[in-house]
Structures are given as structure tokens and as C-alpha cells.
Amino acid sequence: MITLALSKGRIFEETLPMLAAAGIEVTEDPEKSRKLILATSQPGVRVVLVRASDVPTYVQWGGADLGVTGFDTLLEHGSAGLYLPLDLKIAACRMSVAARADFDYASAVRQGARLKVATKFVGIARDFFATKGVHVDLIKLYGSMELAPLTGLADAIVDIVSTGNTLRANHLVEVEPIMDISARLVVNQAALKLKREPIRRIIDAFAATVSASQPSEAATPAASQ
Ligand code: PRP
């Protein structure tokens, strides 16, 4: 049995065509049921639905053989024990610093001020500001980061920006991009050895889908391990 860990929403939706390329059709709709294990058209392949931030954990510890997770989640979790063969180029967004429009972020940084930064992505934020040489007090939040500058909890936030609608709706502006983010395929290294052929088939089908959608930039699977 091959177990693939996915999170509901964009990652699930955007992974479906890649699974289809591997001849795998998910036969149940996660939006219409509370089931956490979904069967597929291939009796030897199943999908488990986990929280986005838990995908690397499931794959690392063998609760799933492979999974699809955002690069942001992977950076926060670390990639020990994981084989990362592919950037799937789906669920694209960016990680940015945002602040209230009336907060002069550039001057604060230039003057060496100590910034209060609220974020769910403490590891990414710590590395980013350390590289810039900016002193920060990091405040860990689990959601609704946009509220932090509005309530005086923080001077700025580090968060994901996709359309920019959430920032605009809360009168915040993006003051500095940190990195582009997209979803990665993660594979349990032991599973890759034990179930090499079926996992390779899935990796190759995913790689072919990525290549087809990015004609100018061929996706090359990393060398076999
Ligand atoms: C993310 C992020 C922003 C929003 C940005 O939250 O934290 O709030 O998306 O998207 P936009 O630029 O298109 O408005 P998400 O919906 O993933 O939920 P979360 O609160 O669990 O992070």
C-alpha cells in the first residue's frame, strides 16, 4: 500500500491532475465527507488528509510514504529523513514582511530599531532578519497574523501573500518580500527504498505534469537515491 498525505484545499485540488497523470483518481470528495482516509482508483494507493503543517511529520515518521507540502511548512519543519525530489510549482505564493501603511519599516530597519514581528513562521522570520542584521522580538501566532499590527501587538508580520486581498482588507502593505513559495513533493527515504517502483512511478508522473505546465523550464527529478 502506498499512502499519500495531502491537506484539504488548494494543495489537494492542485495535486489531483498530477495524480491523474499517474493513473490515480481519488474516488471520494473530501469536501463532502468527514473521512480522513480516501480510497483511489488504484487499490494499492490511498490518500490521507492531514493538517498542512503535519504533512512533513507524517512522511518523516512513515505515517505516509509521500506527501505534498508548502515550502514554507517544510522550512519550518526541517527536512531530516525526507527525500525532496520535486518542486511541484503549485499553490504558488510568497512569504513577505507586511506592516501598517503608516509604519515606516524602511527607516526603522535603517536606524537599527528593534522590531516586534508576529508570525506563524518563526524559523523563516528568524533566519531572514538575522541575515539582514535586524534585531527582532518574534511573537509566535497560530493564525490571523494581520491583526497583530492593527492592535499594537507587533510592528510587522511575516506571512504568506497570495492575491494580497487579506492584506488590503486589513489596511496592511507588503514592505519586503522574503521568498517565493510553492508546494514540494516529500518522500519518506525508507519507503523509497522498500517501495521503490510504485513511488518512482508517482514521482515520474508528477515530474511529467510539472514539465508540461512549465514548457520553458523543464522539471528534472533529482537523482535516484
Ligand atoms: C494565508 C495567509 C493570509 C492569506 C493570504 O492564510 O496567512 O492570511 O492566506 O492570502 P491572500 O493574499 O490571497 O489574501 P490561509 O488562508 O492559508 O489560512 P491560515 O490563517 O491558516 O494561515
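Residue check: Glu174 meets all listed conditions (1) outside any helix (DSSP H, G or I); (2) buried (at least 19 other Cβ atoms within 10 Å of the Cβ) but one, namely (2). Being within 16 Å of the ligand (Cβ to nearest atom), outside the structural domain of Thr15 (by TED's automatic domain parsing) and free of Cβ contacts under 8 Å to residues at least 60 places away in the same chain holds for only one residue in Ala108, Ala98, Ala113, Ala118, and it is Ala118.
Annotation: Pro30 fulfils all but one of (1) open to solvent by 10 Å² or more (accessible area, probe 1.4 Å); (2) more than 30 Å from Glu174 (Cα to Cα); (3) more than 16 Å from the ligand (Cβ to nearest atom); the unmet one is (1).
It is to be established whether one or more residues within the stretch 64-71 are crowded, with 19+ Cβ neighbours inside 10 Å, closer than 18 Å to Glu13 by Cβ and touching a Pro at 6+ places or on another chain (Cβ under 6 Å). Yes, the conditions are met somewhere in the stretch 64-71.
Of the candidates Val122, Val136, Val97, the single residue that is surrounded by 18 or more Cβ atoms within 10 Å (Cβ to Cβ) and closer than 20 Å to Ser182 by Cα is Val97. Of all the criteria given as (1) touching a strand residue (DSSP E or B) at 6+ places or on another chain (Cβ under 8 Å); (2) within 13 Å of the ligand (Cβ to nearest atom), the one not satisfied by Leu147 is (1).
Within the set Ile160, Ile90, the sole residue that is touching a residue at least 40 places away in the same chain (Cβ under 8 Å), within 15 Å of the ligand (Cβ to nearest atom), open to solvent by less than 40 Å² (accessible area, probe 1.4 Å) and not polar (S, T, N, Q) turns out to be Ile90. No other residue among Ala223, Ala219 is at pLDDT below 95, more than 16 Å from the ligand (Cβ to nearest atom), among the aliphatic types (A, V, I, L, M) and open to solvent by less than 70 Å² (accessible area, probe 1.4 Å) apart from Ala219.
The values are calculated or read from the model by the stated rules, or taken from the named source; none is laboratory data. Bear in mind the structure is a predicted one, so any value in this text is a computation, not a measurement. With ideal geometry, Cβ positions are generated from the backbone for all residues, glycine too; neighbour counts draw on all protein chains shown. Surface accessibility is based on the protein's heavy atoms, side chains included, excluding ligands, DNA and RNA. Shrake-Rupley method; radii C 1.70, N 1.55, O 1.52, S 1.80 Å.
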